[in-house]
Amino acid sequence: MRKVTTTLCLITATAGLTFRALNPNSLSDPSQNFPDKIRTAVHGVVRSSRAISTIALTSVDYKFTLRGLPVDSDEYRRKLSQVHFRSAWRIRKLCEANKGLYVKAGQFVAALRQVPKEYSSTLSSLQDQAVPCHFKAIEEVLIHNLGQELSDTFLSLDEEPIAAASIAQVHRAVLKDHQEVAIKVQYPGLEQQMKVDTTTMHFLSKSITWFFPEYRFEWLEAEFVQAISLELDFIQEAGNSERTAHNFKNNRWVKVPRVFWDLTTKQVLTMEFCPGHKVDDVDYLKGRKINPVKVAKVLLEVFAEMIFVHGFVHGDPHPGNILVSAEGQNGFSLVLLDHGIYKQLDDGFRLDYCQLWKALILLDSKKLQHLGKQFGVAEYSKYFPVIFTGRTVDSTSALGKGMSVEERRKLKQELKSLQMEDISSFMESLPSDFLTILRTDGLLRSIASKLGASQRVRILIYAKYALYGLSQKSNAESDSAIKVKFSRLMANVSYLRLRIILEVLELLSWIAKVKQLLFTLYEKIGGTLVL
């Protein structure tokens, strides 16, 4: 009887969520026949039921597995890791079953370095989970949006997609003037599906917070919903694409496909076709005699310029959105795709973030604490060096070399005192701009590591562009070319001075270690002679 009651409650709750999410007017939409309306509603109930039952089971698992265990005990940490793995597996299965925005949400979480590693490693497999939509449905979307038969617009259109993602797929085509294009087509019914799915996600995040006050994910849900809302508007994506092309018009390494505005709508985006391979395809790069580390350096420089100088940031730089083309003046070029998710950084935040990187390089604890207050996380500012450079604020290790064994031991001991409440407070207190940066940086780190670039390479590139960003407080669009060049020259001088300081500090650290080694040897030799 209890099972029947639970099932009825679940159906009632999910049906209520579904019909609340759907626009009441959509049920009387003349463009959709009655069976389709019923199918949409039932499909929403099924998807919501899966999500709610999965999260309910996961919540129970956490509650009972960790019940009675001291949070600072080794047993608690061992059990917590186990329940993280089980929960991540369930959520991955949920994303695979519900597809669409759930896959996108799983990818979104996997890219965050701030989630438990059990989640990021398990959900990372969702990057290749997109299943293409049947061409008949894609054809209907194209005709509805372009207003004419496909044969009137295209000489040819490949029915097999060249790429498929969670919200759209891309087809290769040739226009009447023989121009080769790539057409990105949004899956039909996605907007209504999004309303149901995001309403369910909001309900779940609120429910988790009610059951587990220390586990607060509203910040994550809000970031995801904002990002996906932007990505569903292809006209905005086309505008982002053109703005990025303008920002990098003098950069010989970057290629942004041209937009065909007469064949672009909110659901269809037509672009110049640009051949290339995924940026992390190391075998392809080596086969074309392209140095993978050089590719990593160019990639990091491009995104560092976006973050520190332009303040207009591509928010989804996973390998499928960045291609390496063997064409270009320098032996290769980077093709930037999928401009749906962008973040316009507040200029005050951009300048503070530039200052943060300067302080990170010099391990300026006072400056880090001041910037922590600016970002709303003063008590956690000492962890900025760990998050971004892999060393502690009082580290004696060389830049990019990580922590010593002793530093790692001390940090591990300190982190034991942190609770989930602290992590939730940290993440929800950060500005939205900062959350975008964290996710983007996590994706870039993963690609750079696969290409063989060291941590030091990334850190020094960020430091250089942070100084460029600080030197560019005036409007580069209206400044004269001479003023811009002088500004960049002064930034290069500042960077050179910073590098000299770093080299001197590392030399002094090396001398101190040699002195300690010699002293230890002297003590041992002296003790041996006495004996």
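Rounded to the nearest whole Hz, the Karplus-based 3J(HN,Hα) values (6.51 cos²θ - 1.76 cosθ + 1.60, θ = phi - 60°) of the range 389-395 follow the sequence 10, x, 9, 7, 5, 10, 5, with x at glycine and proline.
Model label sites at THR65 and GLN413, defined 7 Å from Cα along the beta-carbon direction, differ in position by 2.9 nm.
Treating r as the C-beta distance of GLN329 and LYS401 and R0 as 30 Å, the FRET efficiency rounds to 0.30.
For the pair ARG172 and LYS99 in one chain, pulling the backbone fully straight at 0.36 nm per residue adds 23.9 nm over the alpha carbon distance. Lys and Arg at +1, Asp and Glu at -1: add these up for the other residues within a Cβ distance under 12 Å of LYS373 and post the number. Overall, the nearby charge balance is 0.
Could you compute the FRET efficiency for ASN145 and GLU379, with r as their C-beta to C-beta distance and R0 at 51 Å, rounded to 0.05?
Working: r = 51 Å, r/R0 = 1.00.
Using R0 = 51 Å, I get an efficiency of 0.50.
Note on the range 157-299: Rg/Rh from Cα positions, Kirkwood definition for Rh, rounded to two decimals, is 1.06. The modelled label-to-label distance for the pair ASN291/GLU160, using points 7 Å beyond Cα in the direction of Cβ, is 3.7 nm.
Put simply, when 463-469, 235-241, 172-178, 424-430 are sorted by average Cβ atoms within 10 angstrom per residue, most first, you get 463-469, 235-241, 424-430, 172-178. Compared with the direct C-alpha span, the chain from ILE235 to ALA137 gains 33.2 nm at full extension, assuming 0.36 nm per residue. The simple Förster model, with R0 at 60 Å and r as the Cβ-Cβ distance, assigns TRP261 and LEU518 a FRET efficiency of 0.25. Couplings for the range 155-165, taken from phi via the Karplus curve 6.51 cos²θ - 1.76 cosθ + 1.60 with θ = phi - 60°, read 6, 8, 8, 5, 6, 7, x, 8, 7, 9, 10 Hz in order; Gly and Pro are left as x.
Computed with a 1.4 Å probe over protein heavy atoms only, the accessible surface of the range 292-431 comes to 40 Å² per residue.
I'd like the carbon and sulfur percentage of the solvent accessible area for the range 51-96, probe radius 1.4 Å, heavy atoms only, ligands and nucleic acids excluded.
On the way: 1570 of 2520 Å².
Carbon and sulfur atoms account for 62 percent of the accessible area of the range 51-96.
Roll a 1.4 Å probe over the protein chains and send me the accessible area per residue for the range 79-161 in Å². Walk me through the numbers on the way to the answer.
On the way: 4070 Å² over 83 residues.
Per-residue accessible area for the range 79-161 comes out at 49 Å².
Amide H contacts of ALA168 (H built 1.01 Å from N, in plane; Pro and chain starts excluded): TYR187 sit under 5 Å, all sequence-distant by 5 or more or on other chains. For the range 232-281, with all protein chains in place and a probe radius of 1.4 Å, 47% of the accessible heavy-atom surface sits on carbon or sulfur. In this structure the amide hydrogen of TYR342, modeled in the peptide plane, comes within under 5 Å of the amide hydrogens of GLY315, none closer than 5 places in sequence on its chain. In order along the range 264-272, the Karplus-derived 3J(HN,Hα) couplings, from 6.51 cos²θ - 1.76 cosθ + 1.60 at θ = phi - 60°, round to 10, 9, 5, 10, 10, 10, 10, 10, 4 Hz, and Gly and Pro are given as x.
The values are calculated or read from the model by the stated rules, or taken from the named source; none is laboratory data. Everything quoted here is computed from the prediction, not taken from an experiment. All Cβ positions, even for glycine, are placed from backbone atoms using ideal geometry, and neighbour counts span all protein chains on display. What goes into the accessible areas is simple: the full protein's heavy atoms, side chains included, and nothing from ligands, DNA or RNA. Shrake-Rupley method; radii C 1.70, N 1.55, O 1.52, S 1.80 Å.
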